[in-house]
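The values are calculated or read from the model by the stated rules, or taken from the named source; none is laboratory data. Values in this document were obtained by computation on a predicted structure and should not be read as measured data. Every residue, glycine as well, gets a Cβ built from its backbone with ideal geometry; the counts of neighbours run over all protein chains shown.
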Amino acid sequence: MIDDTRSIMLSALQHYAYCPRQFALIHIEQVWAENYFTAHGQLLHERVDSYESEQRGAIRYERSVAVKSKQLNINGKLDLLEIEGKPASCYRPIEYKRGKPKIENWDKIQLCAQALCLEEMRDITINTGALWYWQVRKREQVELNDTLRAETLAVINGAHKLILSGKTPIPTSNKKRCRACSLMDLCEPDLFRKDHSKNYVTELFSNISK
C-alpha cells in the first residue's frame, strides 16, 4: 500500500517516466503550457472519449472507462477497453497516442498502470494491452510482463515520493527531450545547466569542513 493520501492520475505517470521535473512542474507547482503536440493530443482524445459502447462479434468495446487502484493510490480513465467472451474471459486496455511508437517505455508504463487498476478492481490477470498511434495509424500490442510491471511500480512509487517531498528536481541532461517538452520555456533547463552556484556552495562548505 502506497503511504500517500493524494491519488495520482494515470496520465501523470507518463510525465514522471518522461521527466520527473516535468511531472513536478505540472503536478506540484501546477504549471502547464500548450504546444502543437499537447493540443493535437487533446483533440484526439476528444474524438476517442465518446462514452459509447458497442459489440462486434464476441468482443465488447467500452470507451472512457474510469479505473482506480486503492493499493497503489492511482486513478484515471481508459480510452478503450476490449472485453472478449461471454462471460468475459479477456480484458484488454487500449491507449490512444498522437505520435508514433517509442523506444522508451513511457507509453507502456501508463498502459501497464491501467491494467494494474483493472486487475485489482476485477480480481483478474491481464496479459496484454495495446497502444494505438495516430501518426502511423498502427496498433502496437504490449506484453504486460514482469519487467514492465516492475518498471511501472517503480515509476508509481517514485511519483508518490516526489509528491510527498513537494520539491521540484533540477533538469535532466537530456537536451533532446527538453526541446520536445511543452514546458521548456517555463522550465528554462539551459539556465539551470549554466548555473554553477550549487557547485560553488557545495565546494565552499567542503573547504570549511577541512
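Quick rundown of the values:
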{"quantity": "Pairs where the first residue, in the stretch 83-104, is farther than 17 Å from residue 64 by Cα and the second is of a type in the set (Asp, Glu), C-beta under 6 Å, 6+ apart", "calculated": "90/84; 101/140"}
{"quantity": "Enumeration of residues in the stretch 105-134 that are without any contact (Cβ under 8 Å) to a residue 60 or more places away in the chain, farther than 12 Å from residue 90 by Cβ and of a type in the set (D, E, K, R)", "calculated": "108, 119, 120, 123"}
{"quantity": "Helices (runs of 4 or more DSSP H) contained entirely in the stretch 10-124, each with at least 2 residues that are at pLDDT below 90 and surrounded by fewer than 17 Cβ atoms within 10 Å (Cβ to Cβ)", "calculated": "36-48"}
{"quantity": "Residue check for residue 151: assigned to a helix (DSSP H, G or I), of a type in the set (Asp, Glu) and either without any contact (Cβ under 8 Å) to a residue 60 or more places away in the chain or in contact with a Ser or Thr (Cβ under 9 Å, 6 or more places away or on another chain) (or both)", "calculated": "yes"}
